[in-house]
1. Restricting attention to the range 112-153, which residues are more than 22 Å from the chain's Cα centre (by Cα) and either more than 19 Å from residue 362 (Cα to Cα) or in a loop (DSSP other than H, G, I, E, B) (or both)?
2. Looking at (1) over 17 Å from residue 77 (Cβ atoms); (2) of a type in the set (A, V, I, L, M); (3) not assigned by TED's automatic domain parsing to the domain that holds residue 40, find the lone condition where residue 383 falls short.
3. So for the range 174-187 (the condition being crowded, with 24+ Cβ neighbours inside 10 Å, closer than 23 Å to residue 127 by Cα and away from the ligand (no atom under 15 Å from the Cβ)), does at least one residue qualify?
4. Going through the range 92-124 one residue at a time, which ones are within 25 Å of residue 415 (Cα to Cα), among the small types (Gly, Ala, Ser) and surrounded by 24 or more Cβ atoms within 10 Å (Cβ to Cβ)?
5. Can you find, within the range 43-60, the residue that is nearest to the ligand (Cβ to nearest atom) among those that are buried (at least 23 other Cβ atoms within 10 Å of the Cβ) and part of a loop (DSSP other than H, G, I, E, B)?
6. If we scan the range 334-352, do we find a residue that is within 16 Å of the ligand (Cβ to nearest atom) and not assigned by TED's automatic domain parsing to the domain that holds residue 382?
7. Is it true that residue 206 is surrounded by fewer than 20 Cβ atoms within 10 Å (Cβ to Cβ), farther than 18 Å from residue 152 by Cβ and of a type in the set (Val, Ile, Thr)?
8. Return yes or no: is residue 74 closer than 30 Å to residue 124 by Cβ, in a strand (DSSP E or B) and within 19 Å of the chain's Cα centre (by Cα)?
Amino acid sequence: MTTLVVRGARILGGDAADLTIVDGTITAIGTASAAADATVLDADGLVALPGLVDLHTHLREPGFEQAETVATGVRAAAAGGYAAVFAMANTKPAADTVAVVEQVAELGRRAGLAHVQPIGAVTVGLEGKRLADLGMMARSAAQVRVFSDDGHCVHDAQLMRRALEYVAPFDGVIAQHAQEPSLTVGAQMHESPLAGELGLGGWPSVAESAIVARDVLLAEATGARLHVCHVSTAETVDVLRWAKARGIRVTAEVTPHHLILTEEEVRGYDARFKVNPPLRAATDVDALRAALADGTIDVVATDHAPHPIETKQAAWADAAMGMVGLETALAVVQESMVETGLLDWAGVARVMASTPAQIGRLDGFGGALEVGAPAHVALVDPAGRAPIGTEHLHGRSTNSPFLGHSLPGRVVHTIYRGRQTVLDGVVA
Ligand SMILES: NC(=O)N[C@@H](CC(=O)O)C(=O)O
């Protein structure tokens, strides 16, 4: 029997209490009388959150191990306070078969620092032409419930409709990368006067919102669950508000980078700021923050997208798209949402742990820190403001837009299944 006593943590930012954890389960909350053989972890002044859950992580294995592996990716996850991540299907081969989703799940079990929940591809090879065998992946040992072609839009309406119809009976969800391809040919950044000034092809907001408008109507017509990946524009927020008011079963995510960075970062042509969907205008950032605060957007998801740094040292138009985000997500949410009064720590737990787990139908994660609950805990120092350096990045890639930026909040300890996966910022 292993006993861990976490002393003096502020549960969801509230009153301080001790957490007693025995064999991976929270057995007491209050003043602990530590048994002689207990490990005691000083959490005085730290905020205790449920271990975070990320609905949108690119772990890159199999096929792109030079960017990240499952083993390196879960190190980044633990460092960021995560207990579970949903691994996107744009691997090589794509996660469009039972073999690949079960391989990813097994790699996660071996890595051991966080739960890895595979996402299945919607279409074979993410090509948008033929449905993958969604039912087989759902019935597999990986128990896939989230399906996505992220990186690519399921553009064909008939395929999207059939995918929604197919997953409804087993309560699956289609997570759409909303990008109308015919409107984003050659797109390099947000379509705006700045794009003209910088001479870069524009990615118009309507290319996202038009797909979301179509998809919410398909979700209504099929009664199935739709999840909208990386919402980036005010127009999409308006569509979501309308759809939710009609009772359509749609959920949505926003990334940390879209909550705090704007297209102005593109001025220096530093490709660390190149991402799909692109960084938008300040008005979009404001709309996204308000939507996350009022529940129109349900969760924060990192879209952790590792790329070898040399793919970011190319000219803007040739550079890879994407940013790592697991390690800095909580700090960005603290800065953009908590310090602005838009969310309290209970709200942070909702949008970064309980609701992502609920959308992904992942039992045993994201639940309240209460007696009897599995012991997945993130312990955060809200006053831990520091400039982000590569020493804060624990995955294989360092393509973070926040390097050199000062961010608040530091994940001091992470506990996963009762085990300390991060201690004083050091990943086990
Ligand atoms: N978000 C990104 O900019 N990149 C993602 C895929 C994608 O959504 O384009 C990646 O897998 O690198």
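1. 124, 125, 127, 128, 129, 130, 131, 132, 133, 140, 141
2. Looking at each condition in turn, residue 383 falls short on (3).
3. yes
4. 108, 114 - these are the residues of the range 92-124 that are within 25 Å of residue 415 (Cα to Cα), among the small types (Gly, Ala, Ser) and surrounded by 24 or more Cβ atoms within 10 Å (Cβ to Cβ).
5. Narrowing the range 43-60 to residues buried (at least 23 other Cβ atoms within 10 Å of the Cβ): 43, 46-60.
Add one more test, that the residue is part of a loop (DSSP other than H, G, I, E, B), and what stays is 43, 46, 51, 58-60.
Working: 43: 34, 46: 32, 51: 24, 58: 4, 59: 10, 60: 8 Å.
Only one residue tops the list, namely 58.
6. Residues of the range 334-352 within 16 Å of the ligand (Cβ to nearest atom): none.
No: the range 334-352 contains no residue that is within 16 Å of the ligand (Cβ to nearest atom) and not assigned by TED's automatic domain parsing to the domain that holds residue 382.
7. Working: surrounded by fewer than 20 Cβ atoms within 10 Å (Cβ to Cβ): yes; farther than 18 Å from residue 152 by Cβ: yes; of a type in the set (Val, Ile, Thr): yes.
So residue 206 fits the description; yes.
8. Details: closer than 30 Å to residue 124 by Cβ: yes; in a strand (DSSP E or B): no; within 19 Å of the chain's Cα centre (by Cα): yes.
In short, no.
The values are calculated or read from the model by the stated rules, or taken from the named source; none is laboratory data. Keep in mind that what you see is a predicted model, and the values were worked out from it rather than measured. Positions of Cβ are generated from backbone atoms using ideal geometry, with glycine treated the same way; all protein chains shown enter the neighbour counts.
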